[in-house]
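Data block below; observations after.
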Amino acid sequence: AQKITQTQPGMFVQEKEAVTLDCTYDTSDQSYGLFWYKQPSSGEMIFLIYQGSYDEQNATEGRYSLNFQKARKSANLVISASQLGDSAMYFCAMRERRSGYSTLTFGKGTMLLVSP
Amino acid sequence: GAGVSQSPSNKVTEKGKDVELRCDPISGHTALYWYRQRLGQGLEFLIYFQGNSAPDKSGLPSDRFSAERTGESVSTLTIQRTQQEDSAVYLCASSTTGGGGELFFGEGSRLTVL
């Protein structure tokens with residue numbers, strides 16, 4: 001069974017600073033994908049970034065980058081130059097292959113609060 | 001529509017009543033997922049639909065939960081004889097295929113069972 005662990009229930013950061021949200025995973029699959037989603041208070045899950053297990057370079061999307069360390073089975077999200085609008089829950093997820101399709105297995109999330 | 005639409009956004013019901021939650025996926029998306037998110041928790045997979053194929057119901061927590069989808073259109077999640085532990089946000093997501101691409105989520109239906 002696959003497992004996603006996010007050890008930080010909450011994180012605080014000042015505006016314009018960088019912050020790292022931790023995620024470790026456990027899988028026996030050779031090919032897998034890792035996702036980060038943002039969930040603001042509105043409740044919608046917003047896709048941020050994706051990393052494939054065979055991707056040689058760390059994924060980046062604007063101010064978001066994924067620090068992928070395959071040997072350590074970690075996929076930490078780095079947000080540079082934090083903004084007040086970044087305050088939200090952040091979920092790490094792994095693609096789980098089932099019979100004929102894939103779904104996502106989620107961690108418990110990290111609440112990020114950005115202060116002025 | 002432009003995104004995944006869910007209704008109602010909020011539902012308060014009494015224990016023992018049946019509730020029905022609706023999801024309207026992005027047009028053209030063949031794959032549809034239902035997830036449950038309890039307070040302070042991550043998302044739990046409930047059920048998966050792909051086109052006209054038989055759904056994967058392996059995540060449904062009990063036989064009080066059922067879901068339907070006709071073709072590639074709207075899906076409804078029904079919870080019969082609701083219990084207080086059913087209180088959660090029920091999120092629907094769709095994707096172009098079920099092969100592992102990005103899931104697009106709705107804003108969820110918040111269910112409170114008194």
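The values are calculated or read from the model by the stated rules, or taken from the named source; none is laboratory data. All of these numbers come straight from a predicted model, not from anything done at the bench. Cβ atoms come from the backbone with ideal geometry, glycine included; neighbour counts cover every protein chain shown. What goes into the accessible areas is simple: the full protein's heavy atoms, side chains included, and nothing from ligands, DNA or RNA. Shrake-Rupley method; radii C 1.70, N 1.55, O 1.52, S 1.80 Å.
A few notes on this one:
- For the protein assembly as shown, dividing the convex hull volume of the Cα atoms by the residue count gives 125 Å³ per residue.
- Based on C-alpha pairs under 8 angstrom that are at least 6 apart in sequence, chain A has a relative contact order of 36 percent.
- Prolate is the label for segment B:51-114, because a/c, from the alpha-carbon gyration tensor with a ≥ b ≥ c as root eigenvalues, is 1.5 or above and a/b exceeds b/c.
- Over 24 Å apart at the Cα level, from the set A:Lys16/A:Lys73; A:Lys38/B:Lys17; B:Lys17/B:Lys57, are A:Lys16/A:Lys73; A:Lys38/B:Lys17.
- Net charge contributed by nearby residues that have their C-beta within less than 11 Å of B:Pro55 (K/R +1, D/E -1): 0
- Anisotropy class of segment A:36-116 from Cα gyration tensor, a/c 1.5 cut: oblate
- Phi angles across segment B:65-70 convert, under the Karplus curve 6.51 cos²θ - 1.76 cosθ + 1.60 with θ = phi - 60°, into 3J(HN,Hα) values of 9, 8, 8, 9, 8, 9 Hz, Gly and Pro given as x.
- Listed residues A:Met94, A:Met89 arranged by accessible area, highest first, probe 1.4 Å: A:Met89, A:Met94
- Shielding by partners, peptide B:53-59 (average Cβ within 10 angstrom, other chains): 2
- Sites listed here are trypsin sites (Lys or Arg not before Pro) in segment A:1-97 whose DSSP assignment is loop and whose Cβ has at most 16 other Cβ atoms within 10 Å: A:Lys16, A:Arg63, A:Lys70, A:Arg72, A:Lys73.
- Value of relative contact order over segment A:2-42, rounded to a whole percent, pairs C-alpha under 8 Å and six or more apart: 46
- Loop sites in segment A:18-116: GluC sites (Glu not before Pro), DSSP, at most 12 other Cβ within 10 Å: A:Glu56
- By the compact-protein rule of thumb, 2.2 N^0.38 Å, the alpha-carbon radius of gyration of segment A:5-78 corresponds to a ratio of 1.14.
- Under 14 Å, Cβ to Cβ, from A:Ile46 - net charge with Lys/Arg +1 and Asp/Glu -1: -3
- Antiparallel DSSP beta bridges within chain A, as percent of all bridges there, nearest 5: 90
- Seen from A:Thr24, the other residues with C-beta closer than 15 Å to its C-beta sum to a net charge of +3, counting Lys and Arg as +1 and Asp and Glu as -1.
- Gyration tensor verdict on chain B (Cα atoms; rounded if a/c is under 1.5, prolate if a/b is larger than b/c, oblate otherwise): prolate
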